[in-house]
Structure formats: C-alpha cells, structure tokens
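Comments concern the structure below.
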Amino acid sequence: MNMIAKWFGGSADVDARRRALLGTGSFLLPLLAWCLISYTPFIWHPKVLVTDPGGVDYFQVDMLVDKAMFQEEVANMQQAHLAPPQGRPSNPIYLPAPDDVAKAFYNGFVNPPSNTDVPSMPASLWHSIQIIFWGFLLSSLIGVPLGILSGTYATLGRLNEPFIEFFRYLPAPAFGALAVAILGIYNGPKIAIIVIGTLFQQVLIIANTTRKLETTLIEAARTLGSKNLKLLSKVVVPGILPDLYRDQRILLGWAWTYLIVAELIGTSSGITWFITQQARYQHFDNVYAAIMTIGIIGFGSDLILARLGRRLFPWDRTQDRQ
Amino acid sequence: MNLMEPILPSYLDQSDAVRARFERIRQRDTILEVRKLGKRFRSQQGEVEALRGIDFSVRQREFVCVIGPSGCGKSTLIRILAGLDKHTSGEALLDGKPITGPGQDRGMVFQGYSLFPWLTVKKNVMFGPHMKGHGRDQAERDAQLWLELVGLEKFADAYPHQLSGGMRQRVAIARALVNQPRILLMDEPFGALDAQTRAKMQSHLIDIWRNIDITVLFITHDLDEAIYLADSILVLKAHPGEVQEVIEVPVPRPRTPGQFNSPEFRATKARLEELIHPAPEPLPEDEQAVKPHMIRFTDVHDNVE
C-alpha cells in the first residue's frame with residue numbers, strides 16, 4: 001500500500017528522475033509486449049513458416065500456412081509414408097518482428113529503394129511534411145486572427161461562431177471530391193483538407209482561449225489609457241500567448257491526423273502513398289517503419305515545441321506543472 | 001453598558017486641530033464631484049437598482065473611504081468613476097468634466113492581481129507612459145522613480161509571479177501613480193492580503209499620500225482600515241445603494257497604529273458598526289430552514305469545552 005502510495009500518490013511531487021523513468025517505461029512496455037509475441041515461439045504464432053515442403057506438392061519454402069493445416073499435412077504424409085514437411089512457428093505476415101522493422105527503418109533512410117517506381121521513405125516523408133506545413137500555416141493565418149478577434153469582440157464572435165460550430169461537424173474528408181474538382185489533383189486539395197480539418201476547430205479553440213483572459217487585466221489596461229488596437233496588441237495577444245502556443249501545438253497534432261486522408265485524395269502522395277504501396281507488396285516491415293516515423297516526427301516536434309515554449313514564456317506558471 | 005469603560009465621546013466631536021484641518025480641506029478645489037448618480041441594470045431577477053442618488057465630493061488631497069455592507073454597490077460606484085461601467089442617471093465630474101470612459105486622469109488599483117504577468121515589474125510600470133506615447137527613456141526614468149517610491153527598485157526585473165502579494169500591490173500602486181492621475185481609485189486593494197501585510201501596506205499608503213499630490217478614493221469593507229486611512233468615510237447602505245452618512249473622522253493626524261484604541265477611533269467605529277451592522281433582524285425563512293442539526297460524533301465524556 002505504501003509502495004503504491006509512493007509511486008501513484010500526489011502526481012505533483014513526482015520528481016524529475018522518476019518522471020523520466022516512467023516516461024521511458026511507457027515506451028518500453030509496449031515494446032516488451034511486442035518482443036514477447038515475436039520472439040517466444042509458444043506465444044501466439046498461429047502460422048507455420050515452411051522450411052522444407054517434404055512430400056506436400058503445394059507447399060513451398062518460405063510459405064506461411066495455418067498451424068492446423070500444417071499438422072494435417074504432417075499426418076497425411078506420415079500415413080502415406082512420405083517425407084513430412086518441416087517448418088517453424090511464425091506470426092502472420094502483418095506482424096513483423098521488431099528487428100525486421102528496425103532493419104526496414106534503417107534501410108528506408110540509408111539505402112535507395114530497390115524498385116524505382118516506389119518512392120523512397122525520406123522523399124515521401126518530406127512531401128508529407130510540406131503538406132502539413134502549408135496546410136497548418138494557411139489555417140493559422142486565418143484561424144488565429146479570427147479566433148482572437150472573435151474572442152475579444154463579442155459581436156464578431158456571435159456573427160461567425162454558430163456557423164463555424166456547424167461547419168466543424170462536417171467531416172473534412174467529405175470535401176475531398178469537391179477539393180479535387182476545384183483545386184486539381186496534386187497538392188492543392190491535400191492542403192485544403194488539412195485547412196478544413198484544422199481551421200474551424202482553431203477559430204473556436206482560440207476564441208475560447210481569448211475569452212478566458214482575466215478581465216481585470218483588460219480593465220487595468222483601460223484605466224492605464226490603452227484602447228482599441230493597442231489593447232489588442234499590447235494586452236490581449238501577449239496575455240493569451242502561452243495558451244495560444246499550447247493550442248497551436250494541439251492543433252498541429254490535429255493536422256497530422258488529417259494527413260493520411262488528405263494524401264489519399266487526388267493522386268496519392270507522401271508517406272500515405274509509401275505506406276499503401278508497401279502494403280500492396282506486403283512489405284509490412286516498411287509499413288510499420290513508416291507509421292513509426294510519423295509518430296516520431298509528431299511526438300519529437302511537440303517535445304521540441306514544448307521546450308521552446310518554456311524558453312519563450314518564462315512567466316507562464318502553468319508550465320511548471322507539465 | 002460596561003461601567004468599567006469610560007463613556008465614549010460622540011464621533012461628531014472634533015478637536016480644534018481636526019476641525020481646522022477639515023476647514024482647510026473644504027477650502028481646497030473639488031477634484032471629484034458626484035451628483036445624483038444612479039445605476040440600474042437588468043439581471044435575471046429583473047431590474048436591479050444598484051445605486052440611487054449618490055451625492056458626494058472629494059477635495060484635492062483628501063483621503064475618502066467608501067464602506068458599506070456587501071451588495072451596497074461600492075464596487076459599482078468605483079467602476080463607474082474609473083469609467084469601466086456606465087451610470088444610468090446623474091453625473092460624475094472630474095475637475096468639472098463629466099466622466100465618460102476610462103482615462104489616465106484616474107488611476108485604479110484592483111483587489112485582484114492586475115499586473116501583466118508577461119511584463120517585468122519595471123515594464124508593468126512603464127505601460128502607462130508607453131500608452132501616453134512617451135519614449136522608452138522617459139518611461140524608464142519615470143518607472144524607476146516610482147518603483148523607488150514604493151521601495152521595489154531592486155525587483156525591477158522580476159516578473160510579478162515572483163513577488164509576494166503585498167509587493168504586487170505596491171507595483172500596482174506605482175503603475176497607477178506613474179501616470180500622475182488626479183485621483184487614485186482603490187477597490188479593496190488590500191482585501192486579499194494577510195493581516196500583517198495589510199497593516200504594513202496601510203502605513204505605506206499613508207506615507208505615499210502624505211508625500212505626493214494625490215487624492216484617494218478607497219473602497220474597503222474593513223472598518224478599522226477605513227478609520228485609520230480616511231479623512232471622510234462615505235457609508236453606503238444596500239438595496240438600493242444609497243449614501244447613509246458621510247462621516248468626518250475625528251481621529252487626529254498623523255495617524256499611527258497606536259490610535260486604534262483612542263476614544264475618537266472607538267467612537268467612530270461604534271457609529272460605523274451601528275450603520276453597517278444594525279440590530280439583527282429575524283432571519284428570513286429560507287435561512288432558518290438550513291439551520292444545522294448537530295449530532296454528536298465523539299465520545300460523550302470527552303468534552304472540549
């Protein structure tokens with residue numbers, strides 16, 4: 001009980017070292033589970049990888065067959081007094097072992113693709129990052145100012161927020177065909193889907209953040225002689241900046257979730273194109289490597305942004321709790 | 001009445017020195033004049049009259065406290081004077097000109113922490129001069145001067161969250177005074193402070209007021225604070241907020257914490273208590289209904305009293 005209280009008690013006073021330990025653990029635990037399933041032949045492994053077909057005429061080396069079917073053929077061959085097939089337990093093709101994925105990951109970045117009509121992973125990724133960048137930039141250019149203004153001026157907020165509230169329930173991918181009709185088949189519609197997916201949430205979230213600014217601060221500024229544009233630029237914007245920054249980090253994650261849909265619209269491209277191509281050739285190790293790369297980029301960029309935020313806003317107290 | 005205690009003088013009795021002082025105050029220019037000021041607003045319970053027919057004036061360098069029970073509209077009054085709220089009838093004049101909105105001629109110190117958390121202490125104080133269009137150098141010089149006055153020049157580069165509650169209110173005072181307003185409006189500025197800090201801040205405020213050409217309108221719900229600080233006390237009553245009495249405090253100046261027990265002080269306090277906490281009325285029915293039914297949860301023999 002004491003031990004439990006010590007580890008899971010007050011979350012606030014968990015010291016930095018323990019936090020780092022738990023953070024690493026949160027990654028190591030799933031990895032451990034994956035290793036267990038992949039490297040222990042008696043856990044799961046519902047298939048058999050044929051190493052010697054023996055007398056079975058339709059078996060081939062490296063063929064994956066169901067365990068039941070394999071055992072049936074072993075029995076058949078024994079009855080017929082032919083050589084029984086040899087094989088070892090294996091997982092289905094869609095669950096490659098960690099080392100296969102690690103190799104695919106390494107090869108994806110180091111070795112050029114063997115097949116020239118398949119895009120390389122770095123090139124696909126770079127294309128995806130560009131789509132995200134432009135989509136998020138465009139969305140922010142409209143969403144951030146509109147959100148701040150809607151949050152500051154009640155009239156403007158009431159004028160646009162009901163419609164935005166309605167619009168945000170329309171699933172962004174539903175606009176795919178429309179976007180293609182208007183913007184062509186290349187990057188235009190993809191960026192548009194990211195914008196549609198983020199913009200409407202962005203306006204509402206930022207308007208809300210703006211409304212949460214202490215009214216006392218605005219009133220104090222007014223008694224000190226600031227009004228209109230100065231009030232907006234010298235009080236409202238700096239006042240919400242740390243929260244705005246946090247909102248933007250969350251919204252950037254949102255943009256990434258729309259990426260996969262966006263890239264399937266028009267001509268497939270980017271990391272999604274890479275993943276679907278690799279899946280088609282059943283190179284699931286490459287698929288996993290690509291999926292994980294997205295995770296690493298998303299998570300990594302957020303970590304960097306969080307650290308940058310601490311630098312940028314030294315007065316922000318809420319960050320101490322993160 | 002307790003026979004051991006000498007009978008208190010009337011709060012209306014003024015010593016010659018005090019009377020002469022009020023005479024001098026009355027000869028000064030009127031800074032703030034409030035005439036028949038009223039405020040109505042619509043709420044969910046229907047139309048509410050927050051203030052009705054408020055009449056008073058504040059002379060130059062006079063220290064006026066506003067006191068009253070909760071709901072008497074004292075905060076509404078000071079917000080109207082600051083220009084943050086609009087009144088619905090009557091008028092409020094500053095130097096003879098009607099108040100229509102916020103302006104640098106009135107400084108305001110709020111109860112809650114109103115410092116800009118993203119600015120250092122010095123930059124907070126520089127905010128007003130910047131808004132006035134003063135250049136960086138002059139704003140910085142002014143800020144430095146006023147920070148020295150409140151004794152915080154060492155903390156010029158600290159952020160507000162690094163300061164204690166009392167220090168933050170000092171910065172807020174410096175930030176309001178740097179604009180050299182005609183009147184300093186203070187809305188329960190020490191209400192959130194602990195007793196010790198509050199006492200220190202009161203003496204400090206008197207020090208500032210003594211040395212600077214500033215008129216103060218100070219809202220509080222603390223009777224001692226009002227008597228200790230004020231020349232005159234404006235006593236409001238609630239529902240609707242109306243002026244009940246304007247009391248000229250007979251406690252001589254300079255004020256010291258030692259005066260809390262002087263006969264004048266206690267006489268004034270007795271009068272204020274009479275005005276603000278009148279004889280208890282029978283409780284309204286809904287409050288009687290929530291009277292707790294006390295059950296004994298401890299050993300019957302273990303009495304603490």
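The values are calculated or read from the model by the stated rules, or taken from the named source; none is laboratory data. In this text, all values refer to a predicted model and were calculated from it rather than measured experimentally. Neighbour counts run over all protein chains shown; Cβ positions are idealised from the backbone, glycine included.
Tabulated data for the structure shown
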| quantity | calculated |
| --- | --- |
| Candidate set: the stretch A:290-322, residues that are crowded, with 19+ Cβ neighbours inside 10 Å and within 14 Å of chain B (Cβ to nearest Cβ); chosen: the one modelled with the highest pLDDT | A:Phe313 |
| Selection count where residues are within 20 Å of A:Ile142 (Cβ to Cβ) and either within 14 Å of another protein chain (Cβ to nearest Cβ) or touching a His at 6+ places or on another chain (Cβ under 7 Å) (or both), scope the stretch A:230-256 | 9 |
| Answer residue from the stretch A:115-129, given it is more than 9 Å from A:Gly270 (Cβ to Cβ) and of a type in the set (Val, Ile, Thr) and is modelled with the lowest pLDDT among those | A:Thr116 |
| Only listed residue being farther than 21 Å from A:Leu264 by Cβ and buried (at least 20 other Cβ atoms within 10 Å of the Cβ), chosen from A:Ile132, A:Ile194, A:Ile142, A:Ile148 | A:Ile148 |
| Verdict on B:Lys122 being farther than 20 Å from B:Glu242 by Cα and either surrounded by 18 or more Cβ atoms within 10 Å (Cβ to Cβ) or under 23 Å from the mean Cα position of the chain (by Cα) (or both) | yes |
| Count - residues of the stretch B:64-121 that are in contact (Cβ under 8 Å) with a residue 60 or more places away in the chain and assigned to a strand (DSSP E or B) | 11 |
| Residue match in the stretch B:275-290 (condition: outside any loop (DSSP other than H, G, I, E, B) and modelled with pLDDT of 80 or more) | yes |
| Unmet criterion (only one of (1) assigned to a loop (DSSP other than H, G, I, E, B); (2) closer than 21 Å to B:Pro254 by Cβ; (3) small (Gly, Ala, Ser)) for B:Ala226 | (1) |
| Single residue of A:Ala262, A:Ala207 found to be more than 12 Å from chain B (Cβ to nearest Cβ) and in contact with an Asp or Glu (Cβ under 8 Å, 6 or more places away or on another chain) | A:Ala207 |
| Long-range neighbours under 8 Å by Cβ, at least six apart or interchain, first residue without any contact (Cβ under 8 Å) to a residue 12 or more places away in the chain within the stretch A:48-63, second part of a loop (DSSP other than H, G, I, E, B) | A:Gln60/A:Pro53; A:Val61/A:Pro53 |
| Flag if A:Trp273 is hydrophobic (A, V, I, L, M, F, W, C), farther than 30 Å from A:Pro92 by Cα, touching a Ser or Thr at 6+ places or on another chain (Cβ under 7 Å) and surrounded by fewer than 22 Cβ atoms within 10 Å (Cβ to Cβ) | no |
| Any hit, the stretch A:279-289, residues being at pLDDT 90 or above and touching an Asp or Glu at 6+ places or on another chain (Cβ under 7 Å) | yes |
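Each row is one residue, and each column tells you yes or no for (1) in contact with a Leu (Cβ under 8 Å, 6 or more places away or on another chain); (2) part of a loop (DSSP other than H, G, I, E, B); (3) of a type in the set (Asp, Glu).
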site	(1), (2), (3)
A:Val65	no, no, no
A:Gln71	no, no, no
A:Asn76	no, no, no
A:Pro92	yes, yes, no
A:Asp100	no, no, yes
A:Tyr106	no, no, no
A:His127	no, no, no
A:Leu137	no, no, no
